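Let me begin by presenting the structure, written as structure tokens, before commenting on it.
The values are calculated or read from the model by the stated rules, or taken from the named source; none is laboratory data. The shown structure was predicted, so the numbers you read here are calculated from the model rather than taken from an experiment. In this analysis, Cβ positions are derived from the backbone assuming ideal geometry, glycine residues included, and neighbour counts consider all displayed protein chains.
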Amino acid sequence: MIAGARPADLATLLTRTARHCYDGSEHYRRQLDELGVAPEEIRSLEDLSALPVLVDKEAEITLRARSLAESGHPYGEHLCAPLEDVVGVASTSGTTGDPTYYAFTKSDIAITDELWARAFRLGGVRPGDTVLHAFGMSMFLAGVPIIRALERMGARPVPVGAEAGSEKLIRIARQVRPVAICCTPSYGEYLAEKGELADLGVRHIFCAGEPGAGLPEVRARLSDGFGGASVTDVLGGVHGVMNASCSAHAGMHLLGDDHSIQQLIDPDTGAPVPMVDGAIGVRVKTTLDWQAQPQLRASVGDVYEIRTGVCECGLDAPRAHVIGRTDDMLIIKGVKLYPAAIQNLMFELRPQLTGHFRIVLGTPGPKVEPPLRMRVEVSDGAADGAVEELVRRMHTRFSVTPQVEAIPEGSLPRTAHKVKLIEVEAA
């Protein structure tokens, strides 16, 4: 099975999740009591949609601080399982502050392993295949959890990790001859630029952690750099959520509908947005069987565009295209602009532009006093007018006219981890 169909007993599962949250977490209990909603009243998608977001990124920070101070652990006041039942831990990178910790029970780990297996099967990995792991290993959600999931599905993961550095990774790749490689799009492009992996016989590349792999230009560079490999864009891997692209590349299929519910809300009003073809909104998730940190109307601010109907690949699962994230959103004279959208446009202008850039702010966003300042790498030997074309397209597409500083190719650092597209410095 690749995609999981929504369970027939959805009402039972929703009520069970709400009751688990209410009984296990003071945070959820306080929220539902203030709303005057009993767990048994949450039985349908409509009931869910009537609730506000109960956990967002700011709330996670507060919940983590409270649990550290009052309970002696960093998993948040929304931890609903006994601490002795938490047998797995992962986290965000913590590059912009303290990391967010993700707790897993034995059952949660089994769900995560199955969802990663669905994504890998969709992207072409089969039992017995060697898969080179080039994400950050450490505490990342795409670190040890992927290794564990690949082993469980019968593949052969080689846990090198991005921390090992490109020279070691390439040396090991030449020895183990992987069928597939897992990495961020930017690290994959860096490896492709080195030109040392095109003859290895890599057939599949799995990308996650940042935008890019959903764009034809990026996929082409990755595929060419690895000798014609397919590219799969992946998002999720925790709380019963998994989204992955297929060969049609018409968005990422929602593969975990049997373990979670993904809904949309309007980013300004919080009102429900129906999951119909072309709908755009902030993703809100609710788990159906997660034990450690169940999600009841939780959101990290991802903005989705939804596509429905049968895909060219034959799957009838809804598909999502990630437009950006609300905490990265900038507002210039009332115009909302996502760095990921600028990145997409930048890739369109390759090879004149390298695709590497930074947005430079005088003060933290979201409001930006125009003009929007940017540093943009221009490829060696690029024709005159590349920057002017970027400015023209940004004005046409986003109604924003940036002030662009052209910098030479290679000026910005390459990284194996997520690329920070916004820098704050004095104007």
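Suppose we filter the range 181-190 for residues that are in a strand (DSSP E or B) and in contact (Cβ under 8 Å) with a residue 60 or more places away in the chain; how many remain? Write out each step before concluding.
So in the range 181-190, the residues in a strand (DSSP E or B) come out as 181-183.
Those still in the list that are in contact (Cβ under 8 Å) with a residue 60 or more places away in the chain too: 183.
Counting residues in the range 181-190 that are in a strand (DSSP E or B) and in contact (Cβ under 8 Å) with a residue 60 or more places away in the chain gives 1.
If I go through the range 236-258 residue by residue, how many of them are in a loop (DSSP other than H, G, I, E, B) and surrounded by 22 or more Cβ atoms within 10 Å (Cβ to Cβ)?
Within the range 236-258, residues that are in a loop (DSSP other than H, G, I, E, B) and surrounded by 22 or more Cβ atoms within 10 Å (Cβ to Cβ) number 5.
I'm checking my understanding of the structure. Among residues of the range 72-108 that are surrounded by 14 or more Cβ atoms within 10 Å (Cβ to Cβ) and of a type in the set (S, T, N, Q), which one is nearest to D23 (Cα to Cα)?
This residue is T105.
Is it the case that the range 143-155 has a residue that's over 22 Å from D233 (Cβ atoms), surrounded by fewer than 23 Cβ atoms within 10 Å (Cβ to Cβ) and in contact with a strand residue (DSSP E or B) (Cβ under 7 Å, 6 or more places away or on another chain)? Write out each step before concluding.
Applying the first criterion (over 22 Å from D233 (Cβ atoms)) to the range 143-155 yields 151-152, 154.
From the residues that got through so far, the ones that are surrounded by fewer than 23 Cβ atoms within 10 Å (Cβ to Cβ) too are 151-152, 154.
Subsequent filtering for residues that are in contact with a strand residue (DSSP E or B) (Cβ under 7 Å, 6 or more places away or on another chain) retains 151.
The answer is yes, given that some residue of the range 143-155 is over 22 Å from D233 (Cβ atoms), surrounded by fewer than 23 Cβ atoms within 10 Å (Cβ to Cβ) and in contact with a strand residue (DSSP E or B) (Cβ under 7 Å, 6 or more places away or on another chain).
Need pairs with beta-carbon distance below 6 Å; first residue modelled with pLDDT under 85 and within the range 191-220, second surrounded by 16 or more Cβ atoms within 10 Å (Cβ to Cβ) and hydroxyl-bearing (S, T, Y); sequence gap 6+ or separate chains.
G209/T184; E210/T184
Search the range 286-327 for residues being charged (D, E, K, R) and surrounded by fewer than 23 Cβ atoms within 10 Å (Cβ to Cβ), and hand back the single one that is nearest to I422 (Cα to Cα). It would help to see each step written out before you state the result.
The initial filter retains those residues of the range 286-327 that are charged (D, E, K, R), namely 289, 297, 302, 305, 307, 312, 316, 319, 325, 327.
From what's left, surrounded by fewer than 23 Cβ atoms within 10 Å (Cβ to Cβ): 289, 302, 305, 307, 312, 316, 325, 327.
On the way: D289: 37, D302: 17, E305: 23, R307: 29, E312: 36, D316: 37, R325: 13, D327: 11 Å.
Among residues in the range 286-327 that are charged (D, E, K, R) and surrounded by fewer than 23 Cβ atoms within 10 Å (Cβ to Cβ), the one nearest to I422 (Cα to Cα) is D327.
Scan the range 36-62 for residues that are among the hydrophobic types (A, V, I, L, M, F, W, C) and at pLDDT below 95 and jot them down. Steps first, please.
Looking only at the range 36-62, we keep the residues that are among the hydrophobic types (A, V, I, L, M, F, W, C), and these are 37-38, 42, 45, 48, 50-51, 53-55, 59, 61.
Passing the criteria: A59, I61.
Testing D233 on (1) farther than 22 Å from P145 by Cα; (2) among the charged types (D, E, K, R); (3) touching a strand residue (DSSP E or B) at 6+ places or on another chain (Cβ under 9 Å), one condition comes back false. Which one is that?
Failed condition: (1).
Take the conditions in a helix (DSSP H, G or I), farther than 27 Å from R152 by Cβ, out of contact with any Lys or Arg (no Cβ under 7 Å at 6 or more places or on another chain) and of a type in the set (K, R) and apply them to R16. Does it pass? So that I can check it myself, show each step before the final result.
Details: in a helix (DSSP H, G or I): yes; farther than 27 Å from R152 by Cβ: no; out of contact with any Lys or Arg (no Cβ under 7 Å at 6 or more places or on another chain): yes; of a type in the set (K, R): yes.
Against the criterion (in a helix (DSSP H, G or I), farther than 27 Å from R152 by Cβ, out of contact with any Lys or Arg (no Cβ under 7 Å at 6 or more places or on another chain) and of a type in the set (K, R)), R16 does not qualify.
Do any residues in the range 357-383 that are free of Cβ contacts under 8 Å to residues at least 40 places away in the same chain and surrounded by fewer than 16 Cβ atoms within 10 Å (Cβ to Cβ) have Cβ atoms under 6 Å from those of residues that are assigned to a strand (DSSP E or B) and not hydrophobic (A, V, I, L, M, F, W, C), where the two are at least six apart or on different chains, and which pairs are they?
Filtered contacts from the range 357-383: P371/Q403.
If a residue must be out of contact with any Asp or Glu (no Cβ under 9 Å at 6 or more places or on another chain), part of a loop (DSSP other than H, G, I, E, B), within 30 Å of A81 (Cβ to Cβ) and of a type in the set (A, V, I, L, M, F, W, C), how many such residues does the range 265-315 contain?
2
Taking the residues in the range 80-102 that are of a type in the set (S, T, Y) and at pLDDT below 85 as candidates, determine which candidate is nearest to L288 (Cα to Cα).
T92
Could you tell me which residue of the range 136-155 is modelled with the lowest pLDDT, considering only residues that are in a loop (DSSP other than H, G, I, E, B) and among the aliphatic types (A, V, I, L, M)?
Residues of the range 136-155 in a loop (DSSP other than H, G, I, E, B): 136-139, 141-143, 153-155.
Next cut, among the aliphatic types (A, V, I, L, M) only: 137, 139, 141-142, 153, 155.
Details: M137: 85, M139: 72, L141: 85, A142: 89, M153: 97, A155: 98.
By that ranking, first place goes to M139.
Could you tell me which of the residues L200, L222 is crowded, with 22+ Cβ neighbours inside 10 Å, among the hydrophobic types (A, V, I, L, M, F, W, C) and at negative phi?
Working: L200 fails: crowded, with 22+ Cβ neighbours inside 10 Å.
Answer to the check: L222.
Matching residues to (1) part of a strand (DSSP E or B); (2) touching a Leu at 6+ places or on another chain (Cβ under 8 Å); (3) more than 16 Å from L169 (Cβ to Cβ):
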residue: A192; (1), (2), (3): no, yes, no
residue: I205; (1), (2), (3): yes, yes, no
residue: R221; (1), (2), (3): no, no, yes
residue: D224; (1), (2), (3): no, no, yes
residue: G227; (1), (2), (3): no, yes, yes
residue: T232; (1), (2), (3): yes, yes, yes
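Just one of the numbered conditions (1) part of a loop (DSSP other than H, G, I, E, B); (2) closer than 17 Å to T100 by Cβ; (3) small (G, A, S); (4) without any contact (Cβ under 8 Å) to a residue 12 or more places away in the chain is not true of A65; which one?
Evaluating A65 over (1) part of a loop (DSSP other than H, G, I, E, B); (2) closer than 17 Å to T100 by Cβ; (3) small (G, A, S); (4) without any contact (Cβ under 8 Å) to a residue 12 or more places away in the chain leaves (1) as the failure.
Of all residues in the range 120-135 being assigned to a helix (DSSP H, G or I) and out of contact with any helix residue (DSSP H, G or I) (no Cβ under 9 Å at 6 or more places or on another chain), which is nearest to V86 (Cα to Cα)? Outline the logic, then answer.
In the first step, residues of the range 120-135 are kept if they are assigned to a helix (DSSP H, G or I); the result is 120-122.
If we keep only those that are out of contact with any helix residue (DSSP H, G or I) (no Cβ under 9 Å at 6 or more places or on another chain) as well, we get 121-122.
Numbers: R121: 28, L122: 30 Å.
Among those residues, the one meeting the criterion is R121.
Based on this model, can you work out whether P267 counts as surrounded by fewer than 22 Cβ atoms within 10 Å (Cβ to Cβ), touching a strand residue (DSSP E or B) at 6+ places or on another chain (Cβ under 7 Å) and touching a residue at least 12 places away in the same chain (Cβ under 8 Å)? Spell out how you get there, then give the answer.
Working: surrounded by fewer than 22 Cβ atoms within 10 Å (Cβ to Cβ): yes; touching a strand residue (DSSP E or B) at 6+ places or on another chain (Cβ under 7 Å): yes; touching a residue at least 12 places away in the same chain (Cβ under 8 Å): yes.
When the stated conditions are applied, P267 passes them.
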